Amino acid sequence: MIFGDVALDAAEGAVLANSQQVPGGKLKKGIVLGPDDVAALRSAGLQSVMAARLEPGDLSEDVAAERLAQALVPDAGRAGLRLGRASTGRVNIHAEAPGVIEVLAERIQALNAVDPMITVATVPEWQRVGPRSMVATVKIISYAVREAALDAACHAGQSALRLRPVVAQRAQLIQTSVSGDDDGAKGQAVTAERLDRLGVALGPVQVVPHEISALAEAIRATDADVVLILTGSATSDVADVAPEALRAAGGRVVHFGMPVDPGNLLFYGTLGDRPVIGLPGCARSPALNGADWVLERMLCGVELTPGDVASMGVGGLLKEIPVRGRLREA
């Protein structure tokens, strides 16, 4: 692409770089100049304009943006995403349903390293989204790019985006009470709000004594797709009441603790093929905490390893929740 001041005698077919006022109206930047446009520019007293001229091997911005978006999401229907129409070198990509977004970050990074004029911006990995949420935008910065560079970017970013839709339909929150006077209303309401964001139903309020046997019986009895535990006394060890109750119910504890604050005292495991999450006490607040990141992935059937949890530490210092018992800076 050749960019610069172009005499009007050579401007036909070039892309106008700056909007120009002409008799009877305005020519907007980005248009491909035709004979009538050039005549209007002459009538405005101009002899030249700033413009871009495509060379052999160049692709226009909209063609390039559309091709790159299709490389990122080759089968939009299967990926649960929708590609917008290309305009001014941009294609927006939206989610079609609730879920979390899987981003192959290394592919996006490789794509963005090919040519500074070829860019893709996405939401963070595993971000929760709703229907019609924008998850990425493709933007060709210049009016045209070399086809060879675009081909390299398409190869680097192949199939880098997809929606992981919600697979759970119903969850059960089991709360424990130490004193016997906790009706569980607050924990139930906040949890219902979290689940509703992804269209997951919550079972009825259930509060049991803070004892291994009582909690194990409740865990064993539920048939919900996801089991959530919120204890009246914080889980402070992998052998505490809630993890032991999960084992006693026939389940398995996969991991305890996470480098996200608030949210450190979380554990998760399985009961058969169903996920079980021991929520930290901060989950009684609607504010973002580490449990949100774990819960959202598991509701969408995304496998979560201890290594995945360990990687959450970078970016894991979240906004303090003032109502929690022990603040970072008392």
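If you take the beta carbon distance between residue 264 and residue 134 as r and set R0 to 35 Å, what does 1/(1 + (r/R0)^6) give as a FRET efficiency, to the nearest 0.05?
Working from the Cβ atoms, E equals 0.60.
Give the Rg (one decimal place) followed by the Dmax (whole number) of the chain, computed from C-alpha coordinates and expressed in Å.
27.4, 89
Taking a quarter of the surface of the Cα convex hull of the stretch 120-176, what do you get in nm²?
Details: hull surface 25.7 nm².
The orientation-averaged projected area of the Cα hull of the stretch 120-176 comes to 6.4 nm².
Cross-link partners among aspartates and glutamates for residue 319, C-alpha distance below 14 Å, same-chain residues fewer than 8 apart left out?
Within the straight-line limit of under 14 Å, residue 319 reaches these aspartates and glutamates: 261, 292, 329.
Quick one: if the Förster radius is 56 Å, what FRET efficiency do residue 329 and residue 5 give, using the C-beta to C-beta distance and rounding to 0.05?
With a Förster radius of 56 Å, E is 0.40.
Restricting the count to DSSP beta bridges whose residues both fall in the chain, what percent are antiparallel, rounded to a multiple of 5?
Restricted to the chain, the bridges split so that about 75 percent are antiparallel.
Just to confirm my numbers, what's the Cα centroid distance between the stretch 244-310 and the stretch 1-15 in Å?
About 60 Å separates the Cα centre of the stretch 244-310 from the one of the stretch 1-15.
Find how many whole Å separate the alpha carbon centroid of the stretch 209-224 from the alpha carbon centroid of the stretch 137-204.
Rounded to whole Å, the Cα centres lie 28 Å apart.
In degrees, nearest 10, range 0 to 90: what is the angle between the Cα axis of helix 290-299 and the longest Cα principal axis of the chain?
Taking Cα atoms only, the helix is inclined about 80 degrees.
Let me know the Kirkwood hydrodynamic radius for the stretch 58-165, please, with Cα pairs as the basis and the value in Å to one decimal.
Working: mean 1/r = 0.0750 Å⁻¹.
Kirkwood radius, the stretch 58-165: 13.3 Å.
Quick one: order 134, 117, 298 by neighbouring beta-carbon count within 10 Å, fewest to most.
134, 117, 298
Which lysines have a Cα less than 21 Å from the Cα of residue 29, not counting those fewer than 8 places away in the same chain?
139
Considering all projection directions equally, how large on average is the shadow of the alpha-carbon convex hull of the stretch 111-259, in square nanometres?
Convex hull of Cα atoms, orientation-averaged projection: 12.2 nm².
For the chain, take the longest principal axis of its alpha carbons; what is the angle in degrees between that and the long axis of helix 185-196, to the nearest 10 within 0 to 90?
30
Using a 7 Å offset from the Cα along the Cα-to-Cβ direction at both residue 97 and residue 192, what is the distance between the two label points in nm, to one decimal?
Output for this residue pair reads 2.5 nm.
Find, among the GluC sites (Glu not before Pro) in the stretch 225-330, those assigned to loop by DSSP (not H, G, I, E, B) with at most 10 other beta-carbon atoms within 10 angstrom.
Listed in order of number, the matching sites are 303, 329.
Compute the helix-to-body angle for 147-156: its Cα long axis versus the longest principal axis of the chain, expressed 0 to 90° and rounded to tens.
Helix 147-156 and the main axis of the chain meet at about 10 degrees.
Using just the alpha carbons, could you tell me how many Å³ per residue the convex hull of the stretch 2-53 encloses? Present the calculation step by step, with values, prior to reporting the outcome.
Numbers: hull volume 3.0 nm³, N = 52.
So the per-residue hull volume is 58 Å³.
None of the figures in this text is laboratory data; all of them are computed from the coordinates on show. What you see is a predicted model, and the numbers here were worked out from it, not measured in a lab. With ideal geometry, Cβ positions are generated from the backbone for all residues, glycine too; neighbour counts draw on all protein chains shown.
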